Amino acid sequence: MTRSVLVLNSGSSSVKYAVLEPDSGALVAEGIVERIGEDVEQGGVADHAAAMQVVFDSLADDGHDLDSLGLAAVGHRVVHGGPDLYQPTVVDDALVARLRELAPLAPLHNPPAILGIEVARRALPDLPHIAVFDTAFFHDLPPAAATYAIDREIAEQWHVRRYGFHGTSHHYVSEQAAAFLGVGTDTLSQIVLHLGNGASASAIVGGRPVETSMGLTPMEGLVMGTRSGDVDPGLIFYLWRTAGMSVEDIETMLNRKSGVRGLGGEVDFRVLHERIDSGDGEDSAAARLAYDAYIHRLRKYIGGYLAILGTVDVITFTAGVGENDAAVRRDALTGLTAFGIELDEHLNDSPSRAARRISPEGAPTTVLVIPTNEELAIARACAQVMDA
Ligand code: ADP
């Protein structure tokens, strides 16, 4: 029987699942269970254990019973691996305990992942469960890039460093970019722009990351759907002291009420463009500012990475916005011809689900759009653990 892997991405109110065959790359089934923790009478799902049952029921509805799927492992996306977890790791009680200790580093993301791991282990006790960390790819960032210029003893004691996130995607997409060009990652210097609801950039030389925009938490860097990205840390103390906001209020604001939603009242770039195009009124101006601030920050990072890399062989756009929004891609890279970066307007404007080049043939820097596939990358990481 062809082996498959169940990949789970457990958030606080949703669980995304996919069943994939790591060897062929085939996607067997996928779905999302939402509204976890909401009133069951109103169509909510009571808790993560109930959500796991919904996953099994959905698979059964699609004609997949657990025996026929040939599941060989369950792969769990874990956002934060902290200072010492970065290899894909078989889950045991000790690992769960370690993840609990790490929860303060990722209070919004790791606790639901732990819940997801626990209910899945109970539901599928005979399968290996493997944790794959979103921080893994960036574990070996050069010290100069990984270090915050703060008191060294405090940083060491509390494991404060730049960890980076979306690592599974940056790794996968940078490998796909090399494969698209028919070369090894070892020959390329790359910039990868993962622009989804969360957004991050990375600079990669010879297959190894040398910079990334997210830091201790997934809040640093680019303007995102609902997260601020970079702010002056002084802003936190100012709001705490002067506006009487609690630490929790400020954290919620920076995570959920900021970014393009905070500025433009909307996370979805399709709606944002409609509002901008409608042309008049406060909503349109707010949407315009949100978009402009998003592009401005993105260009600031691209420029910074150009300086770090010197020459860039390939720039790749990925995730929901990066794969679909031609205007974002154009506005991110316009006016950079002097650096060898150019887009072919026609190629950029032609929608597609496939990996594709959008720069003119022969341009010094190749610009690509490559769909990310974190689930497949996790399934493959699990297969590698099982084969080792
Ligand atoms: P997540 O970070 O949740 O995985 P995705 O990578 O799926 O997010 O990105 C979701 C975002 O992609 C949406 O909020 C929306 O802004 C954007 N998006 C999706 N489709 C399009 C499209 N056709 N045009 C522009 N933006 C799009």
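Listed by first and then second residue, the pairs linking a residue in segment 300-328 that is in contact (Cβ under 8 Å) with a residue 12 or more places away in the chain to a residue that is open to solvent by 20 Å² or more (accessible area, probe 1.4 Å) and within 16 Å of the ligand (Cβ to nearest atom), with Cβ atoms under 6 Å apart and 6 or more places separating them unless they lie on different chains, are Thr318/Thr372; Ala319/Thr372; Glu323/Pro371; Ala326/Asp349. Just one of (1) within 13 Å of the ligand (Cβ to nearest atom); (2) open to solvent by 30 Å² or more (accessible area, probe 1.4 Å) fails for Asp313. It is (1). Would you confirm, using the coordinates I've provided, whether Leu141 is in a loop (DSSP other than H, G, I, E, B), under 20 Å from the mean Cα position of the chain (by Cα) and at pLDDT 95 or above? Against the criterion (in a loop (DSSP other than H, G, I, E, B), under 20 Å from the mean Cα position of the chain (by Cα) and at pLDDT 95 or above), Leu141 qualifies. If you go through segment 364-384 and keep only what is farther than 19 Å from Leu193 by Cα, surrounded by 15 or more Cβ atoms within 10 Å (Cβ to Cβ) and more than 18 Å from the chain's Cα centre (by Cα), you end up with Cys382, Ala383. Only residues that are over 21 Å from Leu195 (Cβ atoms) and among the polar types (S, T, N, Q) were counted in segment 127-178, giving 2.
If you filter segment 318-361 down to residues that are touching an Asp or Glu at 6+ places or on another chain (Cβ under 7 Å) and surrounded by fewer than 18 Cβ atoms within 10 Å (Cβ to Cβ), you find that the one that is nearest to Ile295 (Cα to Cα) is Ala326. Across segment 242-253, a minimum of one residue is classified as of a type in the set (S, T, N, Q) and under 22 Å from the mean Cα position of the chain (by Cα).
Counting only residues that are within 24 Å of the chain's Cα centre (by Cα) and not in a helix (DSSP H, G or I), segment 316-345 holds 4 of them. Just so you know, in segment 266-297 the residues that are open to solvent by 40 Å² or more (accessible area, probe 1.4 Å) and under 13 Å from Asp325 (Cα atoms) include one that is farthest from the ligand (Cβ to nearest atom), and it is Glu274. Checked against (1) under 23 Å from the mean Cα position of the chain (by Cα); (2) open to solvent by less than 50 Å² (accessible area, probe 1.4 Å); (3) without any contact (Cβ under 8 Å) to a residue 12 or more places away in the chain, Gly234 meets all criteria but (1). Please work out if Ala307 is among the hydrophobic types (A, V, I, L, M, F, W, C), open to solvent by 40 Å² or more (accessible area, probe 1.4 Å), farther than 30 Å from Glu175 by Cα and out of contact with any helix residue (DSSP H, G or I) (no Cβ under 8 Å at 6 or more places or on another chain). When the stated conditions are applied, Ala307 does not pass them. When the test is whether a residue is away from the ligand (no atom under 16 Å from the Cβ) and either buried (at least 18 other Cβ atoms within 10 Å of the Cβ) or polar (S, T, N, Q) (or both), Thr185 passes it.
Checking the stated criteria, Pro209 turns out to be away from the ligand (no atom under 15 Å from the Cβ), in contact with a His (Cβ under 9 Å, 6 or more places away or on another chain) and of a type outside the set (Val, Ile, Thr). Within segment 168-175, the presence of at least one residue that is farther than 18 Å from Arg77 by Cβ and of a type in the set (Ser, Thr, Tyr) is confirmed. Looking only at segment 346-357, decide whether some residue is in contact (Cβ under 8 Å) with a residue 40 or more places away in the chain, outside any loop (DSSP other than H, G, I, E, B) and within 16 Å of the ligand (Cβ to nearest atom). The answer is no, given that none of the residues of segment 346-357 is in contact (Cβ under 8 Å) with a residue 40 or more places away in the chain, outside any loop (DSSP other than H, G, I, E, B) and within 16 Å of the ligand (Cβ to nearest atom). For segment 189-199, check the following and say yes or no: at least one residue is more than 14 Å from the ligand (Cβ to nearest atom), within 19 Å of the chain's Cα centre (by Cα) and surrounded by 21 or more Cβ atoms within 10 Å (Cβ to Cβ). Checking segment 189-199: at least one residue is more than 14 Å from the ligand (Cβ to nearest atom), within 19 Å of the chain's Cα centre (by Cα) and surrounded by 21 or more Cβ atoms within 10 Å (Cβ to Cβ).
What are the residues in segment 241-265 that are surrounded by fewer than 19 Cβ atoms within 10 Å (Cβ to Cβ) and not in a helix (DSSP H, G or I), if any? Correct list: Ala243, Gly244, Met245, Ser246, Lys257, Gly265. Answer yes or no as to whether Gly198 is over 21 Å from Arg161 (Cα atoms) and modelled with pLDDT of 95 or more. In short, no.
The values are calculated or read from the model by the stated rules, or taken from the named source; none is laboratory data. Everything quoted here is computed from the prediction, not taken from an experiment. Because the Cβ atoms are built from the backbone with ideal geometry, glycine has one as well, and the counts that use them run over all protein chains shown. Note: accessible area is taken over every heavy atom of the protein model, side chains too, but ligands, DNA and RNA are not part of it. Shrake-Rupley method; radii C 1.70, N 1.55, O 1.52, S 1.80 Å.
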